[in-house]
Structures are given as structure tokens and as C-alpha cells.
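Readers should treat all values here as calculations from the given coordinates under stated rules, not as data from a laboratory. A quick note: this is a predicted structure, and the numbers were derived from the prediction, not measured. Every residue, glycine as well, gets a Cβ built from its backbone with ideal geometry; the counts of neighbours run over all protein chains shown.
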């Protein structure tokens, strides 16, 4: 690979610390990162859905990717907690944003192939698309489609008129 090809393979991104592992997101998927207010809980929500957080003129569902698997005790919100407001993968969704919980401030970076290595997928976490190491630390790439579908299943709402019950 030439230097020009390697440079074109670089991706600008955001690194979120989600507690013991880093979440890697392309910067184009992140609308904004804000301090995480106390979420308004949803009745009978699974442990990974922390509730809804006000953002601008909307309420964004706040998801703990870490708690999407078999470790619900991993949900931690501290004074440094942030919410990464991400664009939902379905552009015409009635819920255009999804919030991802981070335990601290994000880091902007350029993802380079030479900084990545193999990693282990967490047991039974449908929110993780791929596991790797990034700069010798465990990292996950989230499955935003699975997160969006899970949120839609809990909170309701569709992506088109037939799902929403309109004909």
C-alpha cells in the first residue's frame, strides 16, 4: 500500500470511554457530545436503556452499550458522564438521534489501521458489531442498526407509515 492509499484509508473519529473499553465511532455519526443529564426513566425498560435525556428541542433515548450484554452492573454514570448524540442509521426514523453513554469526555482522533489489532467479542452483546484493540486498549465498534432496532422495540415507533399503523 502506498502512503497515499494508507492516508485515504484513515477515518476521522470519536473515541468514547464506556468503562473499561473504548467505543470507536466515525465522527460523521456523532452530532454532538454533551454532559449527561439525569435520564427520565422509561417504565419496564431493559437495563441498557437508561431513559430519555433532553437535547435541544427533543428527547434522546440514552443507551449503555456496555450493559447491552450480560453485565448489567457495568452501567455507571458519574459527574464526568457524557452523552454522545448519534445520528440514527434510519434517516427517516421518528427517532433521528440515539444517545450513547460515556463515562468521560470523548477524544477526537484519526483511526489508522496500524493502530488496530484483533480483539475479543463480548459475550452476548448484540450492540457490538466488532471487537478489536485500538492503541493496545480493548475497543468495540457499535452496531448502530441493532441499537436503533432495540430502542424502537422498547419505545415503539416505526420508520415508515405501515410500521406506525398509518395507511
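Can you give the relative contact order of the stretch 12-155 as a percent, counting alpha carbon pairs under 8 Å and 6+ residues apart? Before the final figure, lay out the partial values.
On the way: 308 pairs, mean separation 38.5, N = 144.
Computed value for the stretch 12-155: 27 percent relative contact order.
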Here, residue 10 and residue 44, labelled 7 Å along Cα→Cβ, have an inter-label distance in nm of 5.1 nm
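Suppose the chain between residue 108 and residue 146 were pulled fully straight at 0.36 nm per residue; how much longer would it get relative to their current alpha carbon spacing?
11.2 nm
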Ordered by fewest other Cβ atoms within 10 Å, a rough proxy for footprinting exposure, 86, 36 read 36, 86
